[in-house]
1. If we scan region 24-45, do we find a residue that is within 16 Å of the ligand (Cβ to nearest atom) and surrounded by fewer than 21 Cβ atoms within 10 Å (Cβ to Cβ)?
2. Could you say whether any residue in region 56-77 is in contact with a helix residue (DSSP H, G or I) (Cβ under 9 Å, 6 or more places away or on another chain) and closer than 16 Å to residue 201 by Cβ?
3. Anything in region 1-17 that is within 13 Å of the chain's Cα centre (by Cα) and in a loop (DSSP other than H, G, I, E, B)? List them, or say none.
4. Take the residues of region 103-121 that are out of contact with any strand residue (DSSP E or B) (no Cβ under 7 Å at 6 or more places or on another chain) and surrounded by fewer than 19 Cβ atoms within 10 Å (Cβ to Cβ): which is nearest to residue 41 (Cα to Cα)?
5. Inside region 28-102, counting only strands (runs of 3 or more DSSP E) that do not spill past its ends, which hold 2 or more residues that are closer than 17 Å to residue 225 by Cα?
6. So which pairs qualify, if the first residue must be in region 72-88 and without any contact (Cβ under 8 Å) to a residue 40 or more places away in the chain, the second must be in a helix (DSSP H, G or I) and buried (at least 16 other Cβ atoms within 10 Å of the Cβ), the Cβ gap must be under 7 Å, and the two must be at least 6 apart or on different chains?
7. Quick check on my filter: what residues within region 51-82 are over 19 Å from the mean Cα position of the chain (by Cα) and within 16 Å of the ligand (Cβ to nearest atom)?
8. Mind telling me which of the residues 152, 163 ends up being at pLDDT below 95, over 26 Å from residue 76 (Cα atoms), more than 16 Å from the ligand (Cβ to nearest atom) and in contact with a helix residue (DSSP H, G or I) (Cβ under 6 Å, 6 or more places away or on another chain)?
Ligand SMILES: [Mn+2]
């Protein structure tokens with residue numbers, strides 16, 4: 001069990017097939033934070049409206065949060081766009097969970113960090129649709145469409161090109177979008193007088209704690225299975241599935257997951 005000062009999670013997307021709930025349960029079993037921040041898109045109400053997908057592991061995640069709260073973890077929930085309904089009904093969330101549209105966290109080193117899901121930046125540059133597209137997991141749909149497309153092309157003996165070319169272009173486009181998002185977030189934190197910002201939304205775990213304004217993104221539990229951890233000295237550390245769960249499986253009970 002790793003005790004830590006703060007744990008930041010976002011974009012779990014409970015209610016979707018892509019949510020890695022079992023891995024999250026293993027991760028939560030091994031971490032005991034003083035404060036847990038849930039930075040939005042925890043339950044994907046958009047997906048639930050389209051199709052109901054709620055395996056027992058998803059209930060188990062919510063129960064685990066409840067148990068953590070009972071064991072003394074303070075839980076602060078900052079809703080995102082896919083669970084934006086909770087912004088209107090802050091008192092409807094789980095027992096022992098505080099809900100805030102935005103929040104501020106002060107690290108053990110006294111750094112003031114703005115906590116926000118991140119969708120508010122969508123309108124600030126003209127890539128909002130692309131961002132919500134990433135958030136909506138249409139990428140995996142595109143991959144599926146690409147498979148059908150490829151099969152049809154084979155049937156009609158057409159050369160394989162168009163969609164795969166689009167897919168090849170995507171990483172460059174995505175990088176530009178991500179860069180713009182990060183810069184917008186940093187400028188926002190700076191303009192509001194914060195030392196940094198912690199958000200989610202774009203499913204891209206990141207930690208930039210050099211320079212005047214920190215930028216941290218807790219990532220997601222759809223692809224990256226990532227989390228941000230603050231230790232007792234106020235140092236932030238990003239954990240992604242690359243360091244775990246393989247590492248976690250072999251770790252000693254009191255050993256921390258490698259940064
Ligand atoms: Mn989002």
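The values are calculated or read from the model by the stated rules, or taken from the named source; none is laboratory data. Small disclaimer: the values here were computed from a predicted structure and weren't measured. A quick note on method: Cβ atoms are made from the backbone with ideal geometry, for glycine too, and the neighbour counts reach across all protein chains shown.
1. Within region 24-45, the first condition is being within 16 Å of the ligand (Cβ to nearest atom), and the residues that meet it are 37-45.
Checking which are surrounded by fewer than 21 Cβ atoms within 10 Å (Cβ to Cβ) leaves us with 45.
There is at least one residue in region 24-45 that is within 16 Å of the ligand (Cβ to nearest atom) and surrounded by fewer than 21 Cβ atoms within 10 Å (Cβ to Cβ).
2. The answer is yes; a qualifying residue exists.
3. Within region 1-17, 10, 11, 12, 13 qualify.
4. Applying the first criterion (out of contact with any strand residue (DSSP E or B) (no Cβ under 7 Å at 6 or more places or on another chain)) to region 103-121 yields 109-110, 119-121.
Then keep just the ones that are surrounded by fewer than 19 Cβ atoms within 10 Å (Cβ to Cβ); that gives 109-110, 120.
Values: 109: 28, 110: 28, 120: 13 Å.
By that ranking, first place goes to 120.
5. Output list reads 31-38.
6. That search, which allows pairs on different chains as well, returns 79/86; 79/87.
7. Passing the criteria: none in range.
8. Numbers: 152 fails: in contact with a helix residue (DSSP H, G or I) (Cβ under 6 Å, 6 or more places away or on another chain).
The conditions single out 163.
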